[in-house]
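The values are calculated or read from the model by the stated rules, or taken from the named source; none is laboratory data. Everything quoted here is computed from the prediction, not taken from an experiment. Positions of Cβ are backbone-derived with ideal geometry, glycine not excepted, and every protein chain shown enters the neighbour counts. Each accessible area value is taken on the protein alone, full model and side chains, heavy atoms only, with ligands, DNA and RNA left out. Shrake-Rupley method; radii C 1.70, N 1.55, O 1.52, S 1.80 Å.
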Amino acid sequence: AAGRHGGARSGPPGNLRVTMNSVSVRRNSAAVPFVLTFLVIVASGGLLMMIEKGMLNTVEAPGPRAMGRRIPTVSQDIRNRTIKAMCSQRNMPRDIWSLQPAQRRTLLQHILVNDQYGFLYCYVPKVACSNWKRVMKVLSGVLENVKVNIKMNHKSDLVFLASLKPDEIKYRLQHYFKFMFVREPMARLLSAYRNKFGEIEAYQKKYGVEIIKRYRKGYIKDSKIAGDDVTFDEFVRYLLDEDIERMNEHWMPMYNLCQPCVVPYNFIGTYENLERDAEYALQQIKAPSTVQFPERQAWYKPITAETLHYYLCSLPQKLLKELLLKYILDFSLFTYPLPNITTEYCRH
């Protein structure tokens, strides 16, 4: 129950995406992103303007207290207030049943349930979700410990909110501790691109072949394509033409996966502070001290600032601006500053 977790953060639920359906961020509707950005800034009283200009990058926010501990993320309080401001707009849906069916299905399929410890975890691909699923399997007794060397099955031995009845879903959303983890949007996107098109044959065949056929200049029809050499430029053009609600979960915006406007998360951790935020989340759910969050694998290749700069600046300016606008809600809601994409900066 919420009481034993130190109390849930309350805030007006809502879903910005629903009210913006008629003006969704699409490549063929250039004026829409600017309207959305304007609404974002107005709703947050100028806070997001400061974030996007990088004025809050070095500010230590006075995080709320829970269980006698200060939440160990620099921008937790800022993030809470930003979400509350954006989601409390008039005519916003008040619960998940107000979402469009496809939106609700996506959300419920991404929230994992643990009844023993009374918590819900919304997983976001490419934000350490495999390790969190490993932790959940240890807590449920399926795995002996987080270091067991097995390939992660992302579906088996896990309980998803989508499998429960409406009254069971409602109870858990009201009484369980709820958390999710987020990551700098472009770093997450680049991580998905490098992993899926550089290492996973199934993605190369399913998405890579089609992307090359649609976006590669000089593509020869009926020529044999492996789909393993999709360029970042081609991938981005594909994303800009995709309907957000139909995207693959690995590059669907975090907002659409976890709907923070209709689920009042008690804690939103960040990939950038993964170790300490994961420790805090484990404390909040009262996990045994023997259960530790897994360390990153030795083979893991991090997305460095230099790598991200290289890929983003390799894109045409128009394409890059459209890409950032496509993910504007992730930047705004989760208080990530927009990357510097000026021509002058990209020259260096």
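The rows are residues; the columns are (1) open to solvent by less than 10 Å² (accessible area, probe 1.4 Å); (2) touching a helix residue (DSSP H, G or I) at 6+ places or on another chain (Cβ under 6 Å); (3) farther than 23 Å from Phe160 by Cβ; (4) among the β-branched types (Val, Ile, Thr).
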site: Glu249; (1), (2), (3), (4): no, no, no, no
site: Met252; (1), (2), (3), (4): yes, no, no, no
site: Cys258; (1), (2), (3), (4): yes, no, no, no
site: Cys261; (1), (2), (3), (4): yes, yes, no, no
site: Glu272; (1), (2), (3), (4): no, no, yes, no
site: Leu282; (1), (2), (3), (4): no, no, no, no
site: Lys286; (1), (2), (3), (4): no, no, no, no
site: Val291; (1), (2), (3), (4): no, yes, no, yes
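Tally up the residues in the stretch 155-180 that are surrounded by 14 or more Cβ atoms within 10 Å (Cβ to Cβ) and in contact with a helix residue (DSSP H, G or I) (Cβ under 6 Å, 6 or more places away or on another chain), please. Lay out the reasoning, then the answer.
Residues of the stretch 155-180 surrounded by 14 or more Cβ atoms within 10 Å (Cβ to Cβ): 158-162, 164, 169-170, 172-173, 175-180.
With in contact with a helix residue (DSSP H, G or I) (Cβ under 6 Å, 6 or more places away or on another chain) added as a condition, the list becomes 161-162, 169, 175, 177, 179-180.
Final tally of qualifying residues: 7.
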Scanning for something open to solvent by 40 Å² or more (accessible area, probe 1.4 Å), closer than 28 Å to Ile111 by Cα and part of a helix (DSSP H, G or I), does the stretch 313-334 turn up at least one residue? no
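Look at Ile211 and say whether it is farther than 30 Å from Ile96 by Cβ and in a helix (DSSP H, G or I). If you could, list the steps in order and put the result at the bottom.
On the way: farther than 30 Å from Ile96 by Cβ: yes; in a helix (DSSP H, G or I): yes.
So Ile211 fits the description; yes.
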Based on what the data block shows, is Tyr280 within 18 Å of Phe179 (Cα to Cα) and either at pLDDT 95 or above or not aliphatic (A, V, I, L, M) (or both)? yes
Answer residue from the stretch 83-98, given it is crowded, with 20+ Cβ neighbours inside 10 Å and touching a helix residue (DSSP H, G or I) at 6+ places or on another chain (Cβ under 6 Å) and is nearest to Leu274 (Cα to Cα) among those: Ile83
Cβ pairs under 6 Å, 6+ apart or interchain, first in the stretch 122-136 and under 18 Å from Met186 (Cα atoms), second part of a helix (DSSP H, G or I), ordered by first then second residue, are Tyr123/Cys129; Val124/Met254; Val124/Leu257; Lys126/Arg188; Lys126/Ser191; Lys126/Ala192; Val127/Tyr271; Ala128/Leu274
